[in-house]
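Working notes, structure below.
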Amino acid sequence: MRDVLPAEAKRWQLIESTVHNILRQFTYEEIHLPLLEFTELFARGVGEATDIVEKEMYTLADRDGDSLSLRPEGTASCVRALQENGLLYNQTQKVFYSGPMFRYEKPQKGRYRQFYQIGAEAFGFAGPDIDAELISLGASFWRQLGLDKHVRLEINTLGSGAARQAYKKALVDYLTPKAAQLDEDSQRRLLTNPMRILDSKNEQTQAILAQAPDLSMFVDSASQAHFDELLELLTALDINYVRKPNLVRGLDYYTDTVFEWVTDDLGAQGTICAGGRYNTLVEQLGGRPTPAAGFAMGLDRVLLLHEVINQSAMNPAVDVYVCYSAPQFAAHAQKLGQWLREQVPGSDHQGLKVRVNMGGGNFKKQLKRADAANATWAILMGPDEVAADQLTLKNLTDGQQITLPKDAVVSHLGLLVSEYLEEEEQIAKLRSWWSEYGVTVIVAVVLSVLAIVGWRWYDSHKQTQAYEGAKAYATYQAAQGSDKEAAGNAILENFAGSAYHVFVLLDRAQSAVAEGDLMAAEALLTTAVDEADSVLLRDLAKIRLAKAQRGLDRTDEALATLDAIGNSGYSSWALEAKGDIFVSRGELEKAYLAYSAALDALAPGEQRPILAMKHKNVTPFEGEYVEFTDTLEAALQDAQTTLAAPAAEVEEQAETAESAASWLPWVDDKEVDPAEPAKLVKFDAEIKLDRLWKKSVGDGLGKKYLKLPPAIVADRIIAADGYGHVQANDRFTGKRLWETEVGDVGGGMFSALNFIDRRDPSFVSGGVGSGDGKVFLGTTAGFVIALDVADGSELWRADLASEVIAPAVADDGLVFAQTIDGRLVAMDGDTGEIQWTFDNQLPILTLRGTSTPVIAEDIVYAGFANGKIIALRVENGEPIWEHRVMLPEGRSELERMVDVDTTPLINGPAVYVGAFQGRVKALSRRDGRALWELEVSTFHNLSEGYGQIYVVDDEDIVSAYDQQTGEQVWINEDFKLRGLSAPLAFSNYVVFGDSDGYLHVIAQRDGRHLGRRKLDGDGIRSELVLGESTLYVLGNSGSLHALDIELK
């Protein structure tokens, strides 16, 4: 057993916190496990014949006679905990744990009977991607801890459980005749755990093993393919590795991948982290077959390695050391220390670390103690300070000191500490800047952030300020109301020309802005520019002045003010302010250039996320975008206010809006195209798209940007056109089983508003949905129509009074449909009678589309055009949680569109959803909290496979993201602006159509092109459908195709 003493504890905390933070970044969740478990757990999980179970466990019997053991490792306990609590059933889990383990081993450096591990385990992931992630975690640990040059990765594959058993038999057959020549441990292991003989350090045994059967010759093809793909992933991640054929690990539960992180700097105890895959362990412990992988890191050994590599002592930091001159001030000192800890944030964000002197002594002796404690500042408290309610603050680095009123010490220390705080805390005040264009808000927020930079200048020059000025300004800061005004006047009168004079002017200007008095702010800032005797302060005042001038609509003057700023520390801020002015004037190309220059002017290593966001959101092309916005909104308003006008007038307004909106991806118009779609790329096809059959479905989808994906029900596929024709075909042969015509029941207000193409008489707008032996269609007039899947006969119609664009779905006797006006409606599956309705307020302008509801475990999930996804109870529509995927942003209704038109994608404990002009997010199904998010705009459904989420964004760029972390895995820009359909992932492929009618196939693993085939001259817009291994595609012209994918 061992102790961790204070000298080691700081290093220990650094390592542990670093590792825990990285694990959380990879979305692993912490679990706490008991120290004592039933001995049987380790016998079954670790293996009865292992050294751990045979010789090394601390085992005892409780009063009931049950055998208990201190845990020798964490994986078996972790499996037991998750399994007992139902967290492995049809779910994926990523967890980590830390704490002491116990083994009766011979103690030596780096090997202790009580040792500490940090373990990470992943369940439900069968592919090599999770193996790669676990190894990547280790690589991240070493980089963050500065150990990456001192460790190497050794890796091997054991094959499947059957392959491992076959190799074990061959090894025993080879070694048995040579048993007498083996070392004593190996002779014992030959009978109990023969594969551990491969780990023997005995030279004679190793010589015998040189001719032993090769483990790699026994690895099955599936395991070898898994391993080969893992090695490819490691290469892509720039993780170097060494293949170690004899690496087997000492625990029986390992299968397939095994790995170790090894160092040569610790002698014999060189393995600091090890793990692998254990696909059979959950089943061994009584659960369902569950793929799993994990690792354990030896914290003790990592601590030793870190100490070897970073030999400098890690003394506990002290921010402030409080000294007092006499015993009667001890209580004052203790109280002051507590007050400072509560009032001032510390350099590590955990609160100011204050040590109060203990043991008496004069100031000289106490200051020596402060130096020995590695303190940054000392506070000196003597009789004069106590009598005047003042404190003397001494900088222990340069020896300078200043005496301040006690109440001013907090703000003064806060300024000194602030330079240690992360930039993100200061940037946080600008989170909502880009979405707000109100003059007062913009100026106030920018002035507030620039004040931070101003304070930094003050901090760097604080030692040159006169004592009286410092005291006066501290009084000013602490004052309120009329007292503050009087203190400010005193500074303006008595300290003209000082930095404090300028700071008061800046502060008053900021207050004037907050009150909406920009004229007063301009006058104060002009005086500040004239009074400042420092280039830095003068430039700060000029930037604020320009902001005020911009607020007064004097943008030419504002630009002239900014042009007068030289190459000071504020040059990047000045360029950014220019960009803001150009945005307000609609000169977006100039704004783009100004923001680009601002980014170029950043200091090395400096990051300004808000500036980067502004730069990203403004491109030269968007000058046309603003004009489009105004045109479309005007046409919309005109169309909505003249519904009662003669048809010819409404038609004319409709054509105006159609012309303005022609480039949008959800509007059919091939005459106006703001950018050329990507050309088809050349590649060597790796697959062949073999068409099994082709049939025609009515007259196609029409011109309203309909998506009518077919539905598979048992042995048939049901498809519809936009004009009421519905048919069922045998999905294996293509033989038509039945067909019917669904009549139009007339239109209402929403048909009149459908001005994008009112000349198209198509009226089927939502489908094809299915469930409970029925087929469902939605119409532009607001009806849901139910047909019998057996013969196509109509069963019922339900009037929802608003267009139904997405397919309806059925579950357990209820049918769910979403209307274009933001309602989710539940209907009785037998009669169509409405059971409940959930209303959701929508914005004025939305995409022509809605999310298809998804039902899982008695909960219905639906996305809405206001940017929300909501989970409701199936039986009554009661909301369980809601989450806003994206807040509307921008000046115009078009810019504020954030429709969630993607069908929620359910996978394990998460639901994935995307929004137009917004984000793709992973949310917890249980409570709707965000697990990760991406700034990606999409109105297409998402797809998943290989542990990845596949997204086609609104520019038709295809990307893959890790479904656990949201990290981008690959991106393919070869299809940009080709008008893609939603992606469908299956087998090894991601498949989608385009507006030219091509079907594209790319690889799930890396996004490379595999094959393509042209199917429909009018394009492919509807979602693709999969039945077993057969792919079904409905083209816009009404051609229905059944295809198989074959390797060439």
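The residues in the stretch 492-526 that are among the β-branched types (Val, Ile, Thr) and modelled with pLDDT under 85 can be counted, and the count is 2. Total residues in the stretch 483-529 satisfying the condition of being more than 18 Å from Ala546 (Cα to Cα) and β-branched (Val, Ile, Thr): the figure is 2.
Is it true that some residue in the stretch 551-563 is modelled with pLDDT under 85 and either in contact with an Asp or Glu (Cβ under 6 Å, 6 or more places away or on another chain) or among the aromatic types (Phe, Trp, Tyr) (or both)? No - not one qualifying residue is present in the stretch 551-563.
Rundown of residues vs (1) assigned to a strand (DSSP E or B); (2) charged (D, E, K, R); (3) farther than 25 Å from Ile130 by Cβ, yes/no style:
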| residue | (1), (2), (3) |
| --- | --- |
| Thr902 | no, no, yes |
| Gly914 | yes, no, no |
| Leu923 | yes, no, no |
| Glu933 | yes, yes, no |
| Ile949 | yes, no, no |
| Asp956 | no, yes, yes |
| Gly966 | no, no, no |
| Val990 | yes, no, no |
| Asp996 | no, yes, yes |
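Looking across the stretch 542-564, the residues that are without any contact (Cβ under 8 Å) to a residue 12 or more places away in the chain and either closer than 17 Å to Glu531 by Cα or in a helix (DSSP H, G or I) (or both) come down to Asp556, Glu557, Ala560, Asp563. Please go through (1) in a strand (DSSP E or B); (2) surrounded by 23 or more Cβ atoms within 10 Å (Cβ to Cβ) for Glu1023 and return the number of the only condition it doesn't satisfy. Of the numbered conditions (1) in a strand (DSSP E or B); (2) surrounded by 23 or more Cβ atoms within 10 Å (Cβ to Cβ), the odd one out for Glu1023 is (1). Here Val529 meets each of (1) within 22 Å of Ala601 (Cβ to Cβ); (2) modelled with pLDDT of 85 or more; (3) within 43 Å of the chain's Cα centre (by Cα); (4) assigned to a helix (DSSP H, G or I) with one exception, condition (3). Checking each residue in the stretch 352-396 for being closer than 19 Å to Lys406 by Cα, assigned to a helix (DSSP H, G or I) and modelled with pLDDT under 85 picks out Asp384, Glu385, Val386, Ala387, Ala388.
Yes/no matrix, rows are residues, columns are (1) closer than 30 Å to Ala122 by Cβ; (2) of a type outside the set (D, E, K, R); (3) at pLDDT 95 or above:
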residue: Lys976; (1), (2), (3): no, no, no
residue: Phe986; (1), (2), (3): yes, yes, no
residue: Phe992; (1), (2), (3): yes, yes, yes
residue: Ile1002; (1), (2), (3): yes, yes, yes
residue: Arg1005; (1), (2), (3): yes, no, no
residue: Lys1014; (1), (2), (3): no, no, no
residue: Ser1029; (1), (2), (3): yes, yes, no
residue: Tyr1032; (1), (2), (3): no, yes, yes
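For the stretch 684-726, residues that are without any contact (Cβ under 8 Å) to a residue 60 or more places away in the chain and assigned to a strand (DSSP E or B) total 2.
Screening Pro128, Pro100, Pro72 for residues that are under 39 Å from the mean Cα position of the chain (by Cα), of a type outside the set (Gly, Ala, Ser), buried (at least 18 other Cβ atoms within 10 Å of the Cβ) and modelled with pLDDT of 90 or more leaves exactly one candidate, Pro128.
Out of the residues in the stretch 183-222 meeting the condition of being β-branched (Val, Ile, Thr) and without any contact (Cβ under 8 Å) to a residue 60 or more places away in the chain, tell me which one is nearest to Asn156 (Cα to Cα).
Ile197
For the stretch 523-538, taking the residues that are acidic (Asp, Glu) and in contact with a Gly (Cβ under 9 Å, 6 or more places away or on another chain), the one that is surrounded by the fewest Cβ atoms within 10 Å (Cβ to Cβ) is identified as Asp533.
Counting only residues that are touching a helix residue (DSSP H, G or I) at 6+ places or on another chain (Cβ under 8 Å) and either outside any loop (DSSP other than H, G, I, E, B) or modelled with pLDDT of 75 or more (or both), the stretch 450-467 holds 12 of them. Screening the stretch 801-842 for residues that are touching a Ser or Thr at 6+ places or on another chain (Cβ under 7 Å) and assigned to a loop (DSSP other than H, G, I, E, B) and picking the one that is surrounded by the fewest Cβ atoms within 10 Å (Cβ to Cβ) gives Asp821.
Screening Ala985 on (1) surrounded by fewer than 17 Cβ atoms within 10 Å (Cβ to Cβ); (2) closer than 23 Å to Ala910 by Cβ shows it passes everything except condition (1). Note on the stretch 766-800: among residues that are outside any strand (DSSP E or B) and within 39 Å of the chain's Cα centre (by Cα), the one that is modelled with the lowest pLDDT is Thr780. Take the conditions closer than 22 Å to Gly863 by Cα and either buried (at least 18 other Cβ atoms within 10 Å of the Cβ) or touching a residue at least 60 places away in the same chain (Cβ under 8 Å) (or both) and apply them to Gly966. Does it pass? Against the criterion (closer than 22 Å to Gly863 by Cα and either buried (at least 18 other Cβ atoms within 10 Å of the Cβ) or touching a residue at least 60 places away in the same chain (Cβ under 8 Å) (or both)), Gly966 qualifies.
The values are calculated or read from the model by the stated rules, or taken from the named source; none is laboratory data. Note that the structure is predicted; figures quoted are calculated from it, not measured. Neighbour counts run over all protein chains shown; Cβ positions are idealised from the backbone, glycine included.
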